[in-house]
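Notes follow once the structure below has been shown.
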Amino acid sequence: MAVYDVEIVVSALPQTGEYLGRYLAEVPSLPGCWVEADSIDEAVAQLQEVVPLFIRSHRQRGDPLPPALDTLPAHSLPLRMRALIPVG
């Protein structure tokens, strides 16, 4: 099993109409890999499910993965994470 070190970027969508209160989460090193959700937590959780599918799909088609995608050994701990934590 490979473990990938990916950066997740979460941003608020325009706060109008159907996008009011919605968030976009994406992996910049995997162009086209993104999700839209009602909360930051939901967006990150969905993206954690989508990234493996995205990578497997690339592999199955024989498409190369972007060189910016770092692979870590499966036993590599601690894992590094970045998070933006809003405090009201």
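The values are calculated or read from the model by the stated rules, or taken from the named source; none is laboratory data. Please read these numbers as outputs of a predicted model, since none were measured by experiment. Using ideal geometry, Cβ is built from the backbone for each residue, glycine included, and neighbour counts are taken over all protein chains shown. Note: areas computed on protein heavy atoms with side chains; ligands, DNA, RNA excluded. Shrake-Rupley method; radii C 1.70, N 1.55, O 1.52, S 1.80 Å.
Annotations for the structure displayed:
- Count of residues meeting criterion [among the charged types (D, E, K, R) and within 10 Å of the chain's Cα centre (by Cα)] in the stretch 18-43: 1
- Filter result (in a loop (DSSP other than H, G, I, E, B), touching a Phe, Trp or Tyr at 6+ places or on another chain (Cβ under 7 Å) and either among the hydrophobic types (A, V, I, L, M, F, W, C) or under 22 Å from Arg56 (Cα atoms) (or both)) within the stretch 1-40: Leu13, Leu30, Cys33
- Output for the stretch 1-27, where each listed residue is touching a residue at least 24 places away in the same chain (Cβ under 8 Å) and either open to solvent by 50 Å² or more (accessible area, probe 1.4 Å) or of a type outside the set (Asp, Glu) (or both): Met1, Ala2, Val3, Tyr4, Val6, Glu7, Ile8, Val10, Val27
- Count of the stretch 28-38 residues which are open to solvent by less than 50 Å² (accessible area, probe 1.4 Å) and touching a Gly at 6+ places or on another chain (Cβ under 7 Å): 0
- Meets criteria (open to solvent by less than 90 Å² (accessible area, probe 1.4 Å), touching a Lys or Arg at 6+ places or on another chain (Cβ under 8 Å) and at pLDDT below 90) for Leu69: no
- Gln46, sole failed condition from (1) surrounded by 14 or more Cβ atoms within 10 Å (Cβ to Cβ); (2) at pLDDT below 90: (2)
- Filter result for the condition that a residue is at pLDDT 90 or above and on the phi > 0 side of the Ramachandran plot, over Gly17, Gly62, Gly21: Gly62
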